[in-house]
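Asks: The structure under discussion is supplied below as structure tokens; questions concerning it will follow.
What follows is calculated from the coordinates using simple rules that are stated; it is not laboratory data. Just so it is clear, the structure is predicted and the values come from calculations on it, not from any experiment. Every residue, glycine as well, gets a Cβ built from its backbone with ideal geometry; the counts of neighbours run over all protein chains shown.
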Amino acid sequence: MKTELAPAPPTDSSTADESKKSEHQSTPPPLSAATSPDHTSLASQTNNDQDHKSTTGAGRFATFWRILDKITYTPKRCRWDPDEPPRFNIWLNLLFGAAGAFTVANLYYSHPILDILAEDFGVNYVEVANIPTLAQAGYAVGLFSLCPLGDLLKRRPFVLYLVFFTASLS
């Protein structure tokens with residue numbers, strides 16, 4: 001995320017007019033209603049739109065959008081506020097560091113017990129050695145596929161879908 005520095009205060013009236021023009025030109029255009037963090041509900045906006053109703057067969061997807069809005073609702077206190085962005089302090093830094101350390105450590109927990117696993121399951125060591133290999137390959141596939149999707153999709157629904165998908169696999 002880029003932060004723009006505020007222009008220096010003008011010294012005379014001609015400079016003030018020029019700084020207002022440059023400030024107006026440097027501000028980014030407003031976000032659309034669908035991507036705006038302050039939008040109330042995507043379904044309520046699309047359901048009020050006559051074009052949407054005519055293209056979807058008189059609102060036949062209205063129930064779907066209402067359910068999706070209920071599932072992916074974001075409380076106001078959790079929404080992005082450009083005037084007061086979240087602060088990244090030392091405690092969040094420690095929390096993210098610990099979460100990353102334990103996540104990556106999961107890849108290596110099986111290494112010391114590979115001999116025991118081979119003996120208990122009655123398989124060759126070569127076959128048991130595939131466990132850490134497949135775990136690390138799965139982690140890499142997740143990084144290369146899910147990280148770009150996190151940039152393309154809305155975070156909250158994406159995380160909910162991933163949790164649901166993961167829970168349905170187990």
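Asks: Rg over Rh of region 50-170, using C-alpha atoms and the Kirkwood radius, what does it come to? Present the calculation step by step, with values, prior to reporting the outcome.
Replies: Values: Rg = 21.9 Å, Rh = 19.2 Å.
So for region 50-170, dividing Rg by the Kirkwood Rh gives 1.14.
Asks: Pulled fully out, how much extra length does the chain show between ARG66 and VAL126, if you take 0.36 nm times their separation in residues and subtract their Cα-Cα distance?
Replies: 16.4 nm
Asks: Sorting check: for 148-155, 61-68, which peptide has the highest mean count of neighbouring beta carbons within 10 Å, and how do the rest follow?
Replies: Details: 148-155: 10.6, 61-68: 13.9.
With the highest mean Cβ count within 10 Å placed first, the list reads 61-68, 148-155.
Asks: Would you mind putting 130-136, 97-103 in packing order, based on average other-beta-carbon counts within 10 Å, highest first? Write out the running numbers ahead of the final one.
Replies: Details: 130-136: 12.7, 97-103: 9.7.
Top to bottom by mean Cβ count within 10 Å: 130-136, 97-103.
Asks: Give me a comma-separated list of calculated 3J(HN,Hα) values for region 135-150, in order, Karplus coefficients 6.51, -1.76, 1.60 applied at θ = phi - 60°, integers in Hz, x for any Gly or Pro.
Replies: 5, 6, 5, x, 5, 5, 4, x, 5, 6, 9, 7, 5, x, 5, x
Asks: Charges on Cβ only, +1 for Lys and Arg, -1 for Asp and Glu, centred on the Cα centroid of region 105-170; of GLY138, THR166, TYR108, which one is farthest towards the dipole's positive end?
Replies: THR166
Asks: Mind listing the phi-derived Karplus ³J(HN,Hα) values for region 129-134, rounded to whole Hz, using 6.51, -1.76 and 1.60 with θ = phi - 60°, and x for any glycine or proline?
Replies: Values, residue by residue: 5, 6, 4, x, 5, 5 Hz.
Asks: For region 160-168, in order, what is each residue's ³J(HN,Hα) by Karplus, 6.51 cos²θ - 1.76 cosθ + 1.60 with θ = phi - 60°, in whole Hz (x at glycine and Pro)?
Replies: 3J(HN,Hα) across region 160-168, in whole Hz: 4, 5, 5, 5, 4, 5, 5, 5, 6.
Asks: Report the label-to-label distance for ASN89 and VAL159 in nanometres (one decimal), using points 7 Å from each Cα along the Cα→Cβ vector.
Replies: 1.9
Asks: How large is the direction-averaged shadow of the alpha-carbon convex hull of region 114-170, in nm²?
Replies: Working: hull surface 19.8 nm².
One quarter of the hull surface, i.e. the mean projection, equals 4.9 nm².
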